[in-house]
Structure formats: C-alpha cells, structure tokens
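*Asks:* Before anything else, here's the structure in question.
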C-alpha cells in the first residue's frame, strides 16, 4: 500500500498549498494586537484516495491546527485547500456544506467530545439530521448498521455516553464521523487517551474501515509508533512547519531531518535490547510559536546547526524521490547518516 | 547548553539487584468501601525494591498500580479507602504501624513521590524555590536562607538553566518539562532512599521525556536511590526498569527481570500487552505494509464485579474451565520469574 508516491497520475483527494493559520494575541479592552501565534506557517501536502497521511510533532507544533484548518473549522490565514481539484478555501458556509459531508473528524477525548444529554444513537444520527440525509426510520436503520460496523451492539443505541467505557465512546465518535459516508476523516489524537489494549482495538478498527470504505485519513498524533503503524506516508512538524515528509519506511530507516532523527531516537522501544541503543537527546524546550527563532526554527536545539541555519530558513524540498526534508545539510547532496559539516 | 549523543544506560544493567530490599510491599490489600460495594483496588500485591534499583510497575487504568503507591505513603483517602491487610516495610519497619506524625518524618524525606501532572501537584501561589525549600526546612531544620541556597543547588542538580533566577519563578512561568524537573528537585531535596515516580513523563513530549528519564537515571547512579517507576508505557519500562511487576485488576500477575519479561513473557496478559503496542522498528521491517495489531479482546473488568476465577480469563485466548473456576496462585516458574497463570507452563514452553 506504499505505492502512493510512485503513481503520479492519481488526482489527490485533498491538497493543501502553503497553508497558514496565524492567531492574533489580543490584549486589553480595545483588543489591541500584542503579537501573533504562528501556529501553522506555510504547510503543503496532499492526501491520495484511500491513503493515510500521518502528521506528527510535539505539543504546540501546529499539527491539530492543520487538521482543523483543513476542514475549515478554522479559517485559514492564507494558502489554498483543494478538494478533488476544487479550491474550497474561500467558499461560504452554505457552499461548504457538500464538502463538509465528505470530510469528518474524530476527536481525542472520548469523554469531552460527546454530548452527555444525547443518547449514543442520537449522537451518531445527528449528522444525518443536519444534512437532511435520511428520514427517522432510515436513520435508525443506518445508525444500527454503523453501531455494528464499529463493534457496538445496536441495543446500546438508547444508552447515554456516561454508560460507556472510553474505548466504546471512541467507537461512538468513529460511527458519528462515518454517518455521512465521508471520503476524508481527520483523526486528532484519536487513540491517545485510551489504554494500550483498547488502543490496539481502535487502531485495528480504523485500518479495517479504511480498507473497506476506501477512506483517506489525516492522522494527527504525537505517538510516533502509532502514526508509523497506521500511515502510508508521514509528515513531521516542528513549530508550524513541515520539516520532513516521506513514505513511512523511508522516514524511519533514513530520517533526513535532525529533528526526525531525535524524535525517533527518543521514543522508548518495548524490547529488552532497546537499552543499549545509541540515543540523541535534545537539550532545551520547544521555543514559543509566538516568537519562533529566525532562520531554521530548529537551529536552537539542532546538533548539526551552522551559521547559515541561524540566518536562512531551509525550504522543504525533495532530497531523494518521494522524500522531502527542510534542511541545509543536504544541499551538497544527500547526507546520511546526518553529520555536522566540517567547515561551519 | 551543549548537546550530545549519549549512550543508552549501561549502569542500570550492571546493577545486579543484590543487597536487602529498602522497600517491601507484602501482600498489601487496599480496599475502598463504597455504597456500591467493596472495591478491591489492591488485593494481595507484593513487591520489593533495593537500593540503586528501578522496579517498573505496569498495568492499565484501574489495575491498582497507583493505589499501591499511595498506600506506601499513607496517602489513601480514608474513608472510603482502607488498608485491610498486609505490610509495607521500609528499612525493616512496618509503615502501617506508624502514627501520622511518624509517617510525616518519612514522607518526602525517606520516601518521595513524583506525580504525573506537574501543574496540579505544584502550588500555583508559591515560588518554586519556596516549595522546594519548604520540604528541606521541614525535614532537616534549616534556616530560610540556607534552605533557599539548597533549593538553588537542587534546581542546578536537575539541570534547570539559571537556577538563581528560576528559584523565584512561579510554576506557570515554567514549561511542562521544567515543572517536572522542579517536581523531581522537590522529591530529591531530602535525598530519599526511595523515589516513587507515578507516570512521571506521561504528560510530556517524547524529546522532553527522554531528558527527564535520563536525569532520573543520572541521579540514581549518583545517590543510589531505589526507584519505583509506575507507568503504562511498556517502552519506558523496557528502557529504564531492572525488574518489572505487571498488574491486572488489583493483583500482580507477573514479575521478572526486564530482560526476561520482554524476551519471554509468561502471562497471557503481558503477552497481549506487548502484542498490542505498535512498534517503530517492526513497522519499518514490514516494508511499509500495514499489519493488524494483536488486540486483547474485551475490556478491563469492573472492580465492582470481578469475574469468578482468574480475572483475566474472560479476555484470555488460553483460558480453560480451571481458569474460570479458580484464581491461579503466583508461582516462581523460573528463578526470579513469578507468574499467576494456570497456563504459564504452556505459554513458556511455546516461547522457548
């Protein structure tokens, strides 16, 4: 299934070009502008039909904002969102409606994202009401079918969210997202709040649904192992920008960005032999997206940074076919394993 | 702030866990008496940790791993909680026999704890310096000024940049990783013999998690602290613990050295847990093809209504009528490898 990079003739389901989302920081009674959060600062990618693009990064890197802006739950500051060739960036809410049906979201917290006053069946059926997609009888049948599809007994339709466990609630959230037969589902950390044994069940369910319904996923998460498992391609974000984007195997075997290298080496591996592996431990914290460092955003923590990195931001470009990275290290040709240039 | 490539820990491997246990939990039973009935949150759990050793305690939510730790520190809310049986021995003394005043001398002094959420466990109205020095002043009777100096020293020890300035900072002015460092500084300020870390890095990003775990290892190497590392993350355990206790529904189901546990697990629950975690290296080996994870079917039973027999039997593929009838005893199948499972021999033979 990793053939997505090779076949260029397929029209992407969705494409994002130079997407930016900046949040003004307002202060005082007159809401004067006191700065800007550069949450998403020029991000481009595409997702093919039936493909999962994983989006990883640490807190505050902008990965959730990308997911929300993509669905236009947040208005983009600039850039383009193109669905099957149609630019939907500036569509008004009414003309967005048909696109909304095709793009749904699964949220992280199965406790906070379900309305406690609605029964599970009403929650799953609500999108059909909003989009007038089915009458009451059809709706009940379809909700029952959705319940079965996500592994819940249809008898539970009349129960309320508090009567379900965390894993079951996440299944309700998934059933709701599937109610209008979308083509794209954005999952924002959909398994991070779950216990590991339940997490595996939900990951398997998401993969089964994708194969069966030919869904495309944008899978946003901080857990690299989970993202690797579910995705076909993976994009790594740092402070509002994509620093590396590649087929997941390439990304894992040949990380070309120093941040990806550090991220991969920081993930603890559940194996006895993992103790003795060589590890890159980054110093310091992620800088604030309000005042990101000049040049390459990562240079303050980078092992290989040179004077050029502090002054000039590297562009995300194809270093080897299908493998993009934003790093000056590779300007004279691919450098792997990564090493600091001899003359700085 | 020089950065470096560091070799994964080797010091912990060298610790062969000899010498007497500093902390020993013996057949501990902590129950909660609620209107809905008795919840056996901890039901006969035993473990021991020696100086310089890290004991990993793993399990999913509600398995009793945190309640065991709170019991050790005498912090179980009572009512509804009560320790109804067992002993907790620290340096030979049974902590359950001590008065609250005597416990106060031990808590935070001899045995310290780091909690998961640094933002809710630090006092937002006190500077971090005062919070650290409060413990030192209380337990070691230092003057305020020497206590502040000690606080600065502690902040330096946990690698907080500009400790002289940060000592006057409030928790909200620090990042998540720095707050967790402050928690560690507080916990270590009195040089405790035992450090209980309850999900110390769960709220942190992976690159920060790696920093904090490395810091804990360094401090352990220097001071010989015994660490009880409670976590749900099997990766964190594999890379940091010398021995591991696996808990399920209030009981210990398996105990082994980290090496044995990850190479040859003997309890179907442990096997299931390990199979259900996506693994980075495996994902790549499969050449990009995605595979299903081995899932453990069903969910953790409610502690209100535990099934008859082995509590894991309803989710276990190997379960027999005997498993559904009778809870299996914890048996040492190999030296240092204890398993509570009727089918352990089958499982171990299959793995061999």
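*Asks:* Test of understanding: what is the full-extension gain from residue A:31 to residue A:112, defined as 0.36 nm times their sequence separation minus their Cα-Cα distance? Walk me through the intermediate numbers first.
*Replies:* Working: separation 81, 0.36 × 81 = 29.16 nm, distance 2.99 nm.
Result for the pair: 26.2 nm of gain on full extension.
*Asks:* Sticking with this one: With a point put 7 Å past each Cα toward its Cβ, work out how far residue B:222 is from residue B:320 in nm, to one decimal.
*Replies:* So the label points at residue B:222 and residue B:320 sit 5.4 nm apart.
*Asks:* So for chain B: antiparallel DSSP bridges make up what percent, rounded to the nearest 5?
*Replies:* Antiparallel bridges make up about 60 percent of those DSSP assigns within chain B.
*Asks:* Something else: Counting only DSSP beta bridges with both residues in the protein assembly as shown, what percent are antiparallel, rounded to the nearest 5?
*Replies:* Close to 65 percent.
*Asks:* If you build a Gaussian network model of chain B, linking Cα atoms that sit under 10 Å apart, which residue out of B:99, B:66, B:159 swings the most?
*Replies:* Highest fluctuation of the listed residues: B:99.
*Asks:* Quick one, can you get me the convex hull of the C-alpha atoms of the protein assembly as shown expressed as volume per residue in Å³? Working shown, then result.
*Replies:* Working: hull volume 129.1 nm³, N = 696.
Once divided by residue count, the hull of the protein assembly as shown is 186 Å³.
*Asks:* For chain B, what is the calculated [θ] at 222 nm in deg cm²/dmol (nearest 500), taking -39500 (n - 2.57) for each run of four or more DSSP H residues and dividing by its residue count? Let's see the in-between values first.
*Replies:* Values: 15 runs with 126 residues, N = 352.
Counting only the DSSP helices, I get -10000 deg cm²/dmol.
*Asks:* Which of B:151, B:241, B:101 moves most in a GNM of chain B, Cα contacts under 10 Å?
*Replies:* B:101
*Asks:* Determine the calculated [θ] at 222 nm for chain A from helices alone, applying -39500 (n - 2.57) to every DSSP H run no shorter than 4 residues and normalising by the residue count; nearest 500 deg cm²/dmol.
*Replies:* -8500 deg cm²/dmol
*Asks:* Roughly what % antiparallel, to the nearest 5, for the DSSP beta bridges in chain A?
*Replies:* 60
*Asks:* Next question, about the same structure. Nearest 0.05, what FRET efficiency do residue A:312 and residue B:294 give at R0 = 35 Å with Cβ-Cβ as r? List each step's numbers first, then the result.
*Replies:* Values: r = 48 Å, r/R0 = 1.36.
Using R0 = 35 Å, I get an efficiency of 0.15.
*Asks:* Determine the gain in length on full extension of the stretch residue A:291-residue A:158; use 0.36 nm per residue of separation and subtract their C-alpha separation, reporting nm with one decimal.
*Replies:* Values: separation 133, 0.36 × 133 = 47.88 nm, distance 4.94 nm.
Going from the current span to full extension adds 42.9 nm.
*Asks:* Still on this model: In a Gaussian network model over chain B where Cα atoms closer than 10 Å are linked, find which of B:338, B:313, B:36 has the largest mean-square fluctuation.
*Replies:* B:36
*Asks:* Given R₀ = 25 Å, what would the calculated FRET efficiency be for residue B:104 paired with residue B:33, taking r from the Cβ atoms and rounding to 0.05?
*Replies:* E(calc), rounded to 0.05, equals 0.50.
None of the figures in this text is laboratory data; all of them are computed from the coordinates on show. Just so it is clear, the model here is predicted, and its values are computed rather than measured. When we count neighbours, we look across all protein chains shown, and the Cβ atoms used for this are built from the backbone with ideal geometry, even at glycine.
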